[in-house]
Amino acid sequence: MEYVAELRRLAQDCNYGNTLQQRLRDRIVCGINEDRIQRRLLSEADLTFEKALSIAVASETANKNAQEIQNQGATAKCFKMDKKPQEAYAHREPTKECYRCKGTKHEAADCKFKQEKCHACGKIGHIARACRSRSTQNGNSNKNADPKRERRQTTYHRSHKVQEQQSQSDSSEEDTFFLNKMRFRLGRMSEVHLRRVDPYMVEVKLDSKFVNFEIDTGCSLTIMNEQTFQRLWKDTTSPCLRPTKIHIESYTGDPVNVVGAAIVRVKYKHQRRYLPLIVVKGEGPSLLGRGWLEEIHLSWKEIKLRHKSRVLKHLKTEDKSLQQVLSKHENVFKEELGTLKGMKATIHVKADSVPRFFRPRSVPYAMRTKVDEEIDRLLKEGVISPVKHAEWAAPVVPILKPVGTVRLCGDYKLTVNTVSSLEQYPIPRMEDLFSALTGGKQFTKLDMSHAYQQILMDDESKKYLTVNTHRGLFTYNRLPFGVASAPAIFQRTMEGLLRGIPFVAVEDHLQNLETVLAKLEEAGLRLRRSKCTFLEEEVEYLGHRVDAQGLHPVERKVKAIMEAPNPTNVTELKSYLGLLNYYNKFLPNLATLLAPLHELLRQDVRWTWQKKQEDAFKKSKALLNSAEVLVHYSADRELIMSCDTSPYGMGAVLSHVMDDGTERPLGFMLRTLAPAEKNYSQLDKEGLAVIFGIKKFHKYLYGRTFTIYTDHKPLISIFNENKPIPQMGSPRVQRWAVHLSAYEYHIVYKPGKNNANADALSRLPLSEDVRESETAEQVLMIDLLDDTLVDTAKIKHWTAKDVILSQVHGYVLSGWPSVTEAPLKPYHQRREELSVRDGCVLWGARVIVPNKGREKILKVLHQTHSSMSKMKGLARSYVWWPGMDQDVEKEVQSCEECQKHHKLPPSAPLHPWEWPESPWTRIHVDYAGPFLGEMFLLIVDAHSKWMDIYPVKSATSQVTIEKLRQTFNVFGLPKMLVSDNGTCFTSTEFETFMKQNGIRHVRSAPFHPSSNGLAERAVQTFKGGMKKMKGETLQTRLSRFLFSYRITPHVTTGLSPAELMMSRRLRSALDLLLPDVKTRVQQKQLKQKQSHDTNRKLRSFTPGDKVFIRNYSYGPKWIPAVIDSSSGPVSYTVIIGSGKVVKRHVDQVRARLTDTVSLEPLLDSNRDTVVPVTIEQEGPPASEPVILCTPVPPDLPATPVVRRSERERQPPVYLKDLVK
């Protein structure tokens, strides 16, 4: 049967379905190790599992009976007892014993009890068990040997339960002892004192049951009696008890009747083994022999501590120390009312309070006598005093006690409680008090007689405490019941009095008790002896039964619940549920059982007691009757919190991991979900269960490391302690993650079948009124305008009608299946971040917009014509749908107004100028200024980077030509001159000058300075250098700047401009001539190009392409045009308006998609390029300049616009031979 039970256990997780019986049958046939039975099973026709099991059991039973008749075989000696020869100990010196505590492992000078007070004689320097005075009183003479020392003279190895009986015969010279009916003689023992030593026990888990074994190293086998074996497995399938040939004898040779042997699953701490167990007849204890000791390693330290604690449990019966302590402080237990010394209570009434006086209430005739007796007692003990006049008076409320007397309480909530400043002092919570009992083995409970009334009131406060009775006015001289500040005053007083005394220490229990009694006696307080208990193994405290194992429900209260009749109305039902809920920490499966009962508490439900209520009522009683024990909280044990949720409830279980590896509960918490919480996604529900448990068990968890078990895998990544707070989680999940960051925890995935305690709680929740906090996450409205307003109601309606989103809505609430449909995959990929709120599906905090509403949302987002990136950012803050970014891009690109006012496109890849191979081949010119009161003409050689600078008063064509002639006089005529489109460079006069001297003139694109980058860079270098020089004339500063610049190596060429220009150094020490200047320049240009072109690509157009060009005149920023031709690698001539032609760089041109734009004249010719436009292809210089002229329109002047009147100018006479 054990084999079959193991097969069933292994098959639980295999999902065999309907084939389980056949597979079990096959395993039985294949697994039987007896050939005869296996042949029998194989020969059977239509063999079923039940039939195979029946045949196998019958054959096994027959073999067992046959072996009992013909039992022969090996004999194993058990219960062996070796008596070591006394001679071995005759020459052994006795170990020196400490006279302070009778210990043997230290000297008396090092004893920790040398300052302790003896409870037997009252002297300091030893403890009661080593007290010699007590030994004398008990008739033990000092001439007798010490018991421990005498006991060491003879040692025995005990194997079974020791039963010691001293011989009653006085004439015998030998003492006879019986060890489990095994008698032997010790020789003459008249001078040896022996006492019984308790066995050393160890708790081992067999299958799922804990068993206490007596450790017996004299036995080779592990043995258990038949009654214990049957009791352990009465409710479950027991291990198969097989016949055995082992024969067991006692030490004297008496046979022990063996029932059989079984292989059991053994667990000790973290060790797991399958070991043989021998079952025998009789009633002896379970013995753990050497066979198991070799397989499992015992914790001997723990075993010795448990053995010592069992010895200490006999403290009350073996010692009179308790009675001595109580007798010493018998004044504490006097019947008189105590008075606290050195302290009086004060009631702090607000200064502007108006006195309140109330008439006495009538007393029922049946209670009048008892009320009078209580008033007389209070008068006799000085608790109250009669007064004739009072401004304050409260009526009294008589409360009947269980013993038949009454307690008089003033109804101070009508008077002083409403106008006094409440005393503030924390009252311990129930769980705080129970956690302080951790590790306790014995408990003492002290009850104070009329506790509040032992505290005196100060004279000023007495007038506020007057009570009005049927016998007149009385004022309280002592702290009365009913005052709001009384609990805080009493708690502060008692904690101050008893502060610093340890809570739990078994060995020092009497000393702690004596300290408490001494402090109470010194303070003048009194205890009620009849309600005090001392050194009990269990006590009743705060409605619970407390012992060393943990907390239990009080049996009499459980009995009251078990015997409670069926409720007949809502009031009686509430009373029953209130009493039952007091013990809900013991009842993990309470909530679902009570669900039918909670239905009757709803206001809209009529009272009808039906069968389901009757069943719930009975099952709740049965559940309480089988309540689980809650262990004490320990700061040293590992903490585990298991959480789970269901569609209607959630639960959390806090557990300790015990020394044997099992989990024992500390408490259960559960509740139902609020209506809004039921709409949460499964992810949010699971997260809510974790936060619920964290908040409920905060006092146990905060400040220490613990483990969270959940059966929802997505929570592992979201709440992982080593990962950042999720960005796309819903706001509530982000808040929860922040909340959890204050704790030290590890979150672990545990499947629901292994997380049964929390899973059961979540499916059996308590009904609880949960108010959901109003948070910003509930706002699901998009800020829209005009008649296109979209709100939550529309999104909800569209979601319900949308084929895809309606499926997503259902999957979020009920769980996601495997998805193969393409439209659902974007949602499936984000399933852990989706939630449902008010019928809308959310991804994080963003509403998922159904297909029907997306166009409206796009129009709203683009109402202010925001840029593409801003529109995406705005959309991502509120909404989402698959492909939203692409839809936003299309919306912006199709907007005509946005295209007209679009910013410049990304810069084209850098097209560097070719580096000339010789100086003064190509020069770049530009004007800087107005700067320092002047205009400056800059001339830069492209090969050497040589720079000439001329300060001028005005930048006209004549001045420019004059300064160029001065430069040409020195360096000759260049092959190419590059300039921008300033009027001084575009005038007919300047163009004529260029043509007459054979210089190719190339102009950069208008408003694109980078095309003439060398000159622009020179302007910046010039201005930066001039600004830094102070204190000299302009001409001096300019000369110094040019000299410094010309002799300084250029970053591009690596050589100074003077060296490249003149092939020599200008008397400078900076001689950094490099052999290959061209390679350096090309590498530098290539590096600059690569840096510039990192994120750029070259755009190209063909003649006839419809484009937008940058408008630098009045009107729109971009105007439509048509490509006419390419004027260079990165520049084009375009036609605008009615045939006008202008030049633009590729960076100033964008593609045009629509044909709806008119090409009417939009360009102010006075602000753009002057026509005719000379467009020259860059390339090798020709013998004659190539001039490409566009016909001059009749409405445009052929000469530059004159901005001011000028005098007639002529070239100087000394230059007439140089310039044609």
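The values are calculated or read from the model by the stated rules, or taken from the named source; none is laboratory data. The model shown is predicted, which means the values in this text are computed figures rather than measured ones. Every residue, glycine among them, receives a Cβ derived from its backbone with ideal geometry; neighbour counts consider all protein chains shown.
So the values come out like this:
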| item | result |
| --- | --- |
| Filtered residue count, region 360-389, keeping only those that are touching a helix residue (DSSP H, G or I) at 6+ places or on another chain (Cβ under 7 Å) and in a loop (DSSP other than H, G, I, E, B) | 2 |
| ALA351 vs. criteria in a loop (DSSP other than H, G, I, E, B) and in contact with a Lys or Arg (Cβ under 8 Å, 6 or more places away or on another chain) | no |
| Residues within region 447-463 that are surrounded by fewer than 17 Cβ atoms within 10 Å (Cβ to Cβ) and within 49 Å of the chain's Cα centre (by Cα), tallied | 1 |
| Residue that is nearest to the chain's Cα centre (by Cα), among those in region 809-837 that are touching a residue at least 24 places away in the same chain (Cβ under 8 Å) and in a loop (DSSP other than H, G, I, E, B) | ARG830 |
| Counted residues, region 392-411 - those being at pLDDT below 90 and not in a strand (DSSP E or B) | 6 |
| Residue, farthest from the chain's Cα centre (by Cα), within region 464-496, restricted to residues that are β-branched (Val, Ile, Thr) and under 20 Å from SER421 (Cβ atoms) | THR466 |
| From the options LYS304, LYS267, residue that is touching a residue at least 40 places away in the same chain (Cβ under 8 Å) and either part of a strand (DSSP E or B) or in the same structural domain as ASP659 (by TED's automatic domain parsing) (or both) | LYS267 |
| Close pairs from region 896-918: first farther than 16 Å from SER1100 by Cβ and among the acidic types (Asp, Glu), partner at pLDDT 75 or above and part of a loop (DSSP other than H, G, I, E, B), Cβ under 9 Å, at least 6 apart | GLU897/HIS865; GLU914/ALA942; GLU917/HIS943 |
| Tally of residues being in a helix (DSSP H, G or I) and touching a residue at least 24 places away in the same chain (Cβ under 8 Å) across region 838-867 | 10 |
| Any hit, region 367-381, residues being more than 28 Å from GLU336 (Cβ to Cβ), surrounded by 14 or more Cβ atoms within 10 Å (Cβ to Cβ) and either in the same structural domain as LYS463 (by TED's automatic domain parsing) or modelled with pLDDT under 85 (or both) | no |
| Yes/no for MET976 being buried (at least 16 other Cβ atoms within 10 Å of the Cβ) and more than 17 Å from ALA928 (Cα to Cα) | yes |
| All positions within region 1099-1109 that are hydrophobic (A, V, I, L, M, F, W, C) and in a loop (DSSP other than H, G, I, E, B) | PHE1101 |
| Single residue of PHE993, PHE1007, PHE985 found to be touching a Phe, Trp or Tyr at 6+ places or on another chain (Cβ under 7 Å) and over 14 Å from TRP913 (Cβ atoms) | PHE1007 |
| Selection from region 1018-1053 of residues that are surrounded by fewer than 18 Cβ atoms within 10 Å (Cβ to Cβ) and closer than 30 Å to VAL1130 by Cα | GLN1020, THR1021, LYS1023, VAL1051 |
| Options ILE857, ILE949, ILE923; residue that is over 30 Å from SER1044 (Cα atoms) and either surrounded by 13 or more Cβ atoms within 10 Å (Cβ to Cβ) or hydroxyl-bearing (Ser, Thr, Tyr) (or both) | ILE857 |
| Scan of region 1055-1085 for residues that are more than 25 Å from THR967 (Cβ to Cβ) and either at pLDDT 85 or above or buried (at least 17 other Cβ atoms within 10 Å of the Cβ) (or both), ordered by number | ARG1080, LYS1084 |
| Enumeration of residues in region 212-240 that are over 10 Å from SER286 (Cβ atoms) and touching a residue at least 60 places away in the same chain (Cβ under 8 Å) | ILE215, THR217, GLY218, CYS219, SER220, LEU221, THR237, SER238, PRO239, CYS240 |
| Among (1) touching a Ser or Thr at 6+ places or on another chain (Cβ under 8 Å); (2) at pLDDT 65 or above - the single one PHE79 does not satisfy | (2) |
| Pairs where the first residue, in region 992-1011, is in a loop (DSSP other than H, G, I, E, B) and the second is small (Gly, Ala, Ser) and at pLDDT 90 or above, C-beta under 8 Å, 6+ apart | SER1004/SER979; ALA1005/SER1131 |
| Single condition GLY482 does not satisfy, out of (1) surrounded by 14 or more Cβ atoms within 10 Å (Cβ to Cβ); (2) at negative phi | (2) |
| Residue selected from region 19-50 under the condition in a helix (DSSP H, G or I) and among the aliphatic types (A, V, I, L, M), by the criterion surrounded by the fewest Cβ atoms within 10 Å (Cβ to Cβ) | LEU42 |
| Within region 270-291, considering residues that are charged (D, E, K, R) and assigned to a strand (DSSP E or B), the one nearest to THR222 (Cα to Cα) | ARG273 |
| Some residue of region 276-284 being outside the structural domain of ASP660 (by TED's automatic domain parsing), at pLDDT below 85 and on the phi > 0 side of the Ramachandran plot | yes |
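Okay, residues lined up against (1) of a type in the set (D, E, K, R); (2) crowded, with 19+ Cβ neighbours inside 10 Å; (3) outside the structural domain of ASN720 (by TED's automatic domain parsing):
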| site | (1), (2), (3) |
| --- | --- |
| PRO647 | no, no, no |
| THR672 | no, yes, no |
| HIS698 | no, no, no |
| ARG704 | yes, no, no |
